[in-house]
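Notes follow once the structure below has been shown.
The values are calculated or read from the model by the stated rules, or taken from the named source; none is laboratory data. Since the model is a prediction, treat every value here as computed from it, not as a measurement. Quick reminder, even Gly has a Cβ in these numbers, built from the backbone with ideal geometry, and neighbours come from all protein chains shown.
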Amino acid sequence: MKQELNPKALAISLALVSALIMLLLGIAGNIRIYTGAVEMMKQWHMFFDISIIGIVTGMIEAAIISFIFGWLIAYVYNKFT
């Protein structure tokens with residue numbers, strides 16, 4: 001019996017988790033904790049910053065990237081199983 005991943009479900013769940021993590025990192029950056037992780041996110045994501053607009057755009061960027069990679073991972077997994 002072949003088990004397949006649902007690409008849309010995996011992509012949406014990864015997008016939501018990554019957006020939530022960006023929100024938490026933005027909040028942490030504003031209260032001056034986890035500054036190392038916040039600085040790395042500023043380097044890796046071109047729209048992320050600890051301002052309100054920067055947090056929202058970072059969340060959108062992370063969600064889009066995670067959605068695409070989640071869908072591709074599920075697609076490739078289903079193709080080769």
Exercise. Could you check how many residues of the range 12-21 are crowded, with 20+ Cβ neighbours inside 10 Å and free of Cβ contacts under 8 Å to residues at least 40 places away in the same chain?
Key: 0
Quiz item: Say we look at the range 22-79 and pick out the residues that are of a type outside the set (Val, Ile, Thr), surrounded by 15 or more Cβ atoms within 10 Å (Cβ to Cβ) and touching a residue at least 60 places away in the same chain (Cβ under 8 Å); which of these is nearest to Asn6 (Cα to Cα)?
Solution: Ala74
Self-check item: Residues within the range 16-49 that are modelled with pLDDT under 95, among the hydroxyl-bearing types (Ser, Thr, Tyr) and part of a helix (DSSP H, G or I), tallied
Solution: 1
